[in-house]
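First comes the structure, then the notes that go with it.
The values are calculated or read from the model by the stated rules, or taken from the named source; none is laboratory data. Because the structure is a prediction, the values reported are computed rather than measured. All Cβ positions, glycine included, derive from the backbone under ideal geometry; neighbour counts span all protein chains shown.
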């Protein structure tokens, strides 16, 4: 579908301008990739509500604006950032897409860990990067993934070598700091973890100026080799007027473990895709998520788990709290390929509607082509029970606090699945304002 | 301490309580007995402030520290802070909220309101453990979610643990004996008896007389079709046990 809208043309002009401007900066294979992705994006145009994948998420407010690249890369809200980013972790702070050396601590990295800006990696680690790119058919990619790839210049490449065990949390912080409105950033994170390694990575998307409208179009590609365990968390706490469209693509080889968690609290419109390909026998993936929104926020989580090999397991639990007139969307796809016998797959989406006007659309989508599999799915949408609230009130707890406590209770089990104290503390910090507003 | 005057109340326009008068003084234990559907539990819930019930007439006055409070004007949590406590017939499960967090929040709210010092988590845990032992419960309940995966008997005991922790001036025990075996009932009754003081009062609501063998009331009232048809001393409970309620209806 090709959108005829003028706005679409404007965006394409922007892309062309980018390509003119960055000519000569990138190796030729990168230029090719950008060009192909650009053509893909141009061919697709932007989806509308008629598109099955975007049925409940109207992105017109996002695509009808005209964006420009950030004019500067200075962080205005250093104090606020420091409440969240601690020197105990390995921090990679990207302000408006550019690495902020002074806020990061990339000196003295542990053995087996390599961290580069994407531009450095384009020059020095072309083979590794191309290996990741090759996993995905460019002609199958969605418009927003294509867009980030077409604009691939800002981001980070993380490589963990075979058998390396990285104890500290690797924290990638994407922060948009601007007083200008209509800024676009397209952060691209690429992660490669070797065989029999272990690491914990947190990616945070933040903004601190509640007045500006900006657009983060993020992409993260993760390649996990045999026997490796990755704990990965994406925490999205963008400004309330901003837009976030993100995709995380995980490729798993034999006997690897992915323990994923997504927290979505910020943004006016958020779309988060998490796609996992279980490409080796015995691989297992956990996709847990929590979204808490209020006001007129819209949060849309799409997951896709593709069981391509036998004996793999996937477990999904997504929970949402929707207050005010906010809206939530959950769509969970599970594909089980004919060869993927002994697949074990579980999916559950639970929602708590606190707002009178809030609503949720939830949809499981299972396509099972193997016969010896165990797949279950479920979804619930509920409200707080009057008797529960009264019980707490009868114990001297105010109505508002009772709602807060019960909502905390609702999310408690999912937060306890994050097996990392540091990350758990950070997520609680991001959740604080949300709970205070309940 | 508590004065209920000509109370009429109902749910969804259906009258349940039809003119109840009751006076409870400090240091007294009152029992309300009555057949199913007589309005016993409704009365308890109205005292605690359940939002489902609408009071159509009458008043509930509560006197504490020389101030008179019109109970019906207060939110449920405000009543609790003034020292009114209800042990639930069906205690509610609160998944994800640990018993110690829940009860400490409750305890500190009451302390704050009454001008007493609040407790920090460590102090409170110790305090809570003492009360839990008093009711013969396992200490593991401290860290478990409120009432989740508790047996029926444990839930009922837990209500009395809460009573012990919150130290109310007026405790309303709504069918605390239902679902308890005889041993559990003795433990619960023993716990309640330990909490009896000169400056507090207890209202026991029960269907059967057997609890009143262990918690000896000063007064027994029979509630029938929404009104109190007979009030007397503890001997009335035995009479009801022997003769049922029908003779009182006439």
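Would you please name the residue that is nearest to the other protein chains (Cβ to nearest Cβ), looking only at residues in the range B:18-45 that are in contact with a helix residue (DSSP H, G or I) (Cβ under 8 Å, 6 or more places away or on another chain) and under 27 Å from residue B:194 (Cα atoms)? It comes out as B:32. Only one of the numbered conditions (1) closer than 18 Å to residue B:87 by Cβ; (2) within 14 Å of chain A (Cβ to nearest Cβ) is not met by residue B:51, and that is (1). For the range A:415-423, does any single residue satisfy the condition of being free of Cβ contacts under 8 Å to residues at least 40 places away in the same chain, under 20 Å from residue A:289 (Cβ atoms), out of contact with any helix residue (DSSP H, G or I) (no Cβ under 7 Å at 6 or more places or on another chain) and surrounded by fewer than 18 Cβ atoms within 10 Å (Cβ to Cβ)? Scanning the range A:415-423, I find at least one residue that is free of Cβ contacts under 8 Å to residues at least 40 places away in the same chain, under 20 Å from residue A:289 (Cβ atoms), out of contact with any helix residue (DSSP H, G or I) (no Cβ under 7 Å at 6 or more places or on another chain) and surrounded by fewer than 18 Cβ atoms within 10 Å (Cβ to Cβ), so the answer is yes.
Of all residues in the range A:86-105, those satisfying the criterion of being under 28 Å from residue A:251 (Cβ atoms) and either exposed (fewer than 15 other Cβ atoms within 10 Å of the Cβ) or in contact (Cβ under 8 Å) with a residue 40 or more places away in the chain (or both) are A:89, A:90, A:91, A:92, A:93, A:94, A:97, A:98, A:99.
Scanning the range A:159-172 for residues that are within 30 Å of residue A:139 (Cβ to Cβ) and surrounded by fewer than 24 Cβ atoms within 10 Å (Cβ to Cβ) turns up just one, A:159.
Each residue in the range A:23-44 was checked for being at pLDDT below 90 and assigned to a loop (DSSP other than H, G, I, E, B), and 4 of them qualify. For the range B:55-70, taking the residues that are loosely packed, with under 14 Cβ neighbours inside 10 Å and in a strand (DSSP E or B), the one that is farthest from the other protein chains (Cβ to nearest Cβ) is identified as B:57.
Every listed requirement among (1) touching a helix residue (DSSP H, G or I) at 6+ places or on another chain (Cβ under 7 Å); (2) surrounded by fewer than 20 Cβ atoms within 10 Å (Cβ to Cβ) is met by residue A:123 save one, (1). Being in a helix (DSSP H, G or I), modelled with pLDDT under 80 and farther than 21 Å from residue A:244 by Cβ holds for only one residue in A:20, A:14, and it is A:20. Cβ-Cβ distances below 7 Å connect the following pairs, each with a first residue in the range A:48-72 that is in a helix (DSSP H, G or I), a second residue that is modelled with pLDDT of 95 or more, and a separation of six or more residues or different chains: A:61/A:269; A:62/A:215; A:62/A:243; A:62/A:269. Residue A:435 passes every criterion in (1) in contact with a helix residue (DSSP H, G or I) (Cβ under 6 Å, 6 or more places away or on another chain); (2) under 30 Å from residue B:53 (Cβ atoms); (3) within 14 Å of chain B (Cβ to nearest Cβ) apart from (2).
Scanning the range A:350-390 for residues that are facing chain B (nearest Cβ under 7 Å) and in contact with a helix residue (DSSP H, G or I) (Cβ under 8 Å, 6 or more places away or on another chain) yields A:388, A:390.
Condition check ((1) crowded, with 23+ Cβ neighbours inside 10 Å; (2) in a strand (DSSP E or B)) across all residues:
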{"position": "A:210", "(1), (2)": "no, no"}
{"position": "A:215", "(1), (2)": "no, yes"}
{"position": "A:218", "(1), (2)": "yes, yes"}
{"position": "A:233", "(1), (2)": "yes, yes"}
{"position": "A:236", "(1), (2)": "yes, yes"}
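Taken together, the residues in the range B:19-52 that are crowded, with 17+ Cβ neighbours inside 10 Å and more than 15 Å from residue B:217 (Cβ to Cβ) amount to 14.
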